[in-house]
Each structure stands twice: as C-alpha cells, then as structure tokens.
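What follows is a short report on a single structure.
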Amino acid sequence: MSRRNVFLLLSIGLWVILACNLPLSATPVSSAVAMTAAAQTLTALPLQSTLLAATPLSPPLTPLVVSETPSFTPIVSPTSSAVLLTVSAATNCRTGPDTVYDRLSVLDVGQTAEAVGRYSPSNYWIIRNPAGNGTCWLWGEYVTVVAGDPHNLPEMTPPPSPTPAAGGIVGYFYHDNNRNGIMDAGDTPYPGFPVYLSLVEAGPLIQETSTDASGYYAFNVTAGQYWLSHAGGPPICPADDIQITVSAGQTVHQDFGVLPCSPMEAGCSCSSTPFTPLAVTSVRAYVPSEPWQGTCPHTFRVWATITLSGDGSGTLRYRWHRSDGFIGPEHTLAVSAGTYTVEGEWKVTGDGSYRIQIEILEPTAITSNWSGSHVVDCR
C-alpha cells in the first residue's frame, strides 16, 4: 500500500471520529462534501477488512466453576466441666444403689460415661445410661475419673427399695424304706418332725416349723442364701445342714429320707447305692420222718428253715399251723440277711399222721408248703 493511501485512510477515520463528536446543532455538511466522503470510505473498506483479518484473535476464556461449599456435621465435645468415668471391669448399672434394684445396662471396659451425681454412703455414681435414655446407678469399685471435678457433683437420694419377689423352701420328710434317696412307692410320710432355717450355719434361727400329716414342710423366704437343718434322732439323709440359694421368686424343693435302721447299726448311713429291704426268699417246714410208737401223749419236734436277703437288719415274725387246725402264737426274732432255723414242739394224744406249716408275717408275708407227715401209733 502506498503512503498516500494510508494517509487518506487515516484522514477519513479522523474525520469520522470528529463528526461523531460534533454537537447536534452543528452546521450541516453540504451534499457535495458528503458524497466525496462516502466515496473515500468505500474505497478504504477493503484495506480495513484486510487489517482486521490480520489481527490475531485472543484465546477463549476458561469459565470459572464455583464449587458448592461442602457440608459437615459438627462434633460436639463434652464441656470441660463434665465429669467423665471409665471402669477397669464391666460393671452393672442399676435403678438404685444395691443389687436388689433392677439392672438397666452395663458399662464395659473402654467405654466412657458422664457422671451427673454421686451417692457416697454406698460408693455409687449416677451416670447417663450407656444403653438408653435417662440415668442409672453405677457401683464405684472399678471407677476411674478421667475428666472433670467430681467434687462438684450433687449428692443424690436413692429411690425406694423394690419389694423382693417372694420365694420358698419346701419339701417332705419320709421313711425311705428302700434307701434310694427318692420318695417313691412304698415310702411313707414322717409327720411332726421339726425343721429349722437360719442365715448362717448353726446360727440363730429365723424360722422353724414341723412337718404336717403328709410329712410336708414350707418356709416363705426372699432371694438369698439360707441354711436348712432338722432335729436329731433317727438317721436322715441328707444328714448335715444344707446351704440353699433362693433366687427372686424361686421355690427350692428339698426332701429328707428317714432310714429304716438304727444310728448305732453298722452301715446305717446315707449312701448313693440303693438300699434293698430285708426280705424272705425261701421257707420250708419239717417234722420227723420216722414213725413213732409208744405210750401217748407224744411230743415231737418241728422246725423250719428261713432264708432272708437284703440290706440292714429287721424283725422276723412267724407262727405255726398244724394239720389238726391248731394255730400257734406269734414268735419274733431279730434277723439280717442269711438262713435261720426256728423250732417248736407238738404234743399229741392219739394215733394219727401229723403235718406242720409255718407262716411268715414279717418282713415278707409268705407261708411254707405243708411238711411231710409224722405218723404216731399210741399203744
């Protein structure tokens, strides 16, 4: 481009700028001048377009992305004045300062609880319930204060003690005739036997009673440990005082068996081995097998063998029966397991064939067969 054209283009641009800034009331330009300016402007447009095309474009602006402010949950720490506790062993937290109160929760090792009060007489802390709403009473045996001043805690008043659930200790005294330690068929009640209850072994009695007609006794108690005992006398199993633990609302059953033997008798003691009562297992009666001749009346010997088995000792009761219809009086004999021979006499006044029979009344009801015959010939 020639210098003349550049100068012309700059002049036209300057004129246009000045014209835009002229006040509205300026003198109007003549039509000849206007035509000349328009023609010059049209001539310069190609050069202006060329210059604009040669100007490099600025790079596009990257839009600013404003991210949303992140939300967060504030962590609220206990105030510096809060009293915080831990325990060295898992400890129950209850509705009051004693084990008679219901348990609400447990504070475990590693947990921290906030204390809101104390009960110094029983070394209890009132804390916020670790397992729910409200508060509970924590025994202080294993407590360590890890924060705060416990001297600022108020002393609390315990709630009323709960009414303990009623329980009982009951059972029977009975004649344990088979010595198996169980009240079963064949065992009979032991009425009127004194029974005692105390809090410590051989301690002061807190209750006493006697068995009724069925051998039954009963004590009404609350939860706790007790010692149950009975009067001396016959051998009884269990023999010694018994410690019994009763839970809330629980009824504990304890029976006592009276043994069928004398305390002075060897082997008369409580045993886990069942006792077999004494019993007759066989019985046989005899008369002389040889016939007799002579002057009457005639007296001859009769006898019987009786075998018994079982434990302990007892009484054998028996009587004789004669073939002439005579029944003799009862006889008794102290016996134990083994075979015994009992004897008797029979006096006859005339000829005949005589037989004998023995009836066992105790310990087992059994009657022998008739013996052989004893023949008598009076001369």
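Coordinate-derived values only; no laboratory data. Here the structure is a predicted model, which means the values were calculated and not measured. Cβ sites come from the backbone with ideal geometry, for glycine too, and all protein chains shown count toward neighbours.
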- Note on the structure: Residues W227, W125 in order from fewest to most other beta-carbon atoms within 10 Å are W227, W125
- Query: Between M264 and H331, what FRET efficiency comes out of the Förster formula 1/(1 + (r/R0)^6) with R0 = 22 Å and r the beta carbon distance, rounded to 0.05?
  - Reply: 0.35
- Are there GluC sites (Glu not before Pro) in region 123-210 that DSSP puts in a loop and that have at most 14 other Cβ atoms within 10 Å, and which ones? E201
- Task: Give the distance, in whole Å, between the Cα centre of region 111-179 and the Cα centre of region 314-355.
- Result: 77 Å
- Query: Taking the Cβ-Cβ separation of A166 and V116 as r and a Förster radius of 30 Å, what is the calculated FRET efficiency to the nearest 0.05?
  - Reply: 0.30
- Task: Starting at the first residue of region 242-254, write each ³J(HN,Hα) from the Karplus equation 6.51 cos²θ - 1.76 cosθ + 1.60 with θ = phi - 60°, in whole Hz, x for Gly and Pro.
- Result: 10, 8, 10, 9, 10, 7, 4, x, 8, 10, 9, 9, 9
- Message: Can you bin every Cα-Cα distance in region 167-258 into 5 Å intervals starting at zero and give me the percent of pairs per bin, rounded to whole numbers?
- Response: 3, 14, 26, 25, 17, 10, 4, 0
- Taking r as the C-beta separation of N92 and A248 and R0 as 22 Å, the FRET efficiency to the nearest 0.05 is 0.90
- Task: State the Kirkwood hydrodynamic radius of region 83-152 in Å, one decimal place, computed from all pairs of distinct Cα atoms.
- Result: 11.7 Å
- Residues M183, M264, sorted so that the one with the fewest Cβ neighbours within 10 Å comes first: M264, M183
- Note on the structure: Those GluC sites (Glu not before Pro) from region 312-379 that are DSSP loop and have at most 14 other Cβ neighbours within 10 Å turn out to be E330
